[in-house]
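To keep things clear, I will list the structure first and then write my remarks on it.
None of the figures in this text is laboratory data; all of them are computed from the coordinates on show. Since we're looking at a predicted model, the values are computed, not measured. Positions of Cβ are backbone-derived with ideal geometry, glycine not excepted, and every protein chain shown enters the neighbour counts.
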Amino acid sequence: MTYKILISAETLNQHLNAPDWVIFDCRFSLAEPEAGGSAYRHGHIPGARYAHLDKDLSSAITDHTGRHPLPNFTVLSQKLGNWGVSNHSQVVVYDDAGGAFADRLWWLLRVLGHDNVAVLDGGIKHWQKQGYALTTVLPAVNATTFRPYLNDELWLDAVQVQNSLARKSICLIDARTPERYRGQQEPIDPVAGHIPGAINRPFQLNLDSQGLFLTPDVLRNQFKQLIGNT
């Protein structure tokens, strides 16, 4: 069986020693970029590699990019192979922020044509609540080859977004907090506010009080109501 969206802590624990399963710790702090790596060294899910948002999952900032430009896909594919990810691997990604950072690697792998990737539901916090172990031991990694098959239908550039908004052919969702969407707070970026035409739905609304994702039916109905109001 393969996992392509979510995986439970119980299921992951049952597969910690499964062949060709690769786990990634994606913890990160926008305020303290090295905090995630430090947390990883102090304790991570057994077998997990660490993927750094700035160093591994983004490319260098230029005058024409945002804060976290997409990585070079060739370079990322080489890194994936060095981390032991093959085209047949089951990949699991997690963080401690409701998927805010792990979801980036989930999406990047799908862009590279790798669908067997799942987000750990509840992240490392729920893993610990369930009583499962952490370790400080770095995993032994057997490098392999990862061959990307680029799916360029999974993203739009700024011009495409602007043109699509003008035609009203897309619904653009800003998943940040309402305060940042309204421009009342901006602790990170130089310009406050949102892209004209975007509607706000904070990503935290995808989660229940325990930090687990809401059921597909609940999410489907919520998004139907949201999109129906645009």
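What FRET efficiency do you get for Leu138 and Phe203 if R0 is 30 Å and r is their Cβ-Cβ distance, rounded to the nearest 0.05?
0.45
Stretching Gln160 away from Gln78 to a fully extended chain increases their span by 26.6 nm, per 0.36 nm per residue minus the current alpha-carbon distance.
Extending 7 Å from Cα along the Cβ direction at Ala192 and again at Asp54 yields two label points whose distance is 2.5 nm.
A Förster radius of 22 Å combined with the Cβ-Cβ distance from Cys171 to Thr215 puts the calculated FRET efficiency at roughly 0.50. Electrostatic tally near Tyr3: other residues with Cβ closer than 15 Å to its Cβ, Lys and Arg +1, Asp and Glu -1, net -3.
The dipole here belongs to the chain: it is taken about the Cα centre, uses +1 on the Cβ of Lys and Arg and -1 on the Cβ of Asp and Glu, and is about 260 debye. For segment 5-84, with equal point scatterers placed on the C-alpha atoms only and solvent neglected, what are the log10 I(q)/I(0) values from the Debye formula at q = 0.16, 0.24 1/Å, to two decimals? So the normalised log intensities work out to -0.74, -1.22. Using alpha carbon centroids, what distance separates segment 30-75 and segment 110-161, in Å? Answer, in whole Å: 12.
Given 0.36 nm per residue, what is the gain on full extension from Asp152 to Thr65 after removing their alpha carbon distance, in nm? Each step should come with its number before you reach the end.
Numbers: separation 87, 0.36 × 87 = 31.32 nm, distance 1.84 nm.
Extending this stretch completely gives an extra 29.5 nm.
With 30 Å as the limit, the listed pairs Lys55/Lys224; Lys79/Lys224; Lys4/Lys129 have Lys55/Lys224; Lys79/Lys224 beyond it between alpha carbons. With contacts taken as Cα pairs under 8 Å at a separation of at least 6 residues, segment 6-150 carries a relative contact order of 34 percent.
Treating each Cα of the chain as an identical point scatterer and summing with the Debye formula, the log10 of I(q)/I(0) at q = 0.09, 0.11, 0.14 Å⁻¹ comes to -0.40, -0.61, -1.01.
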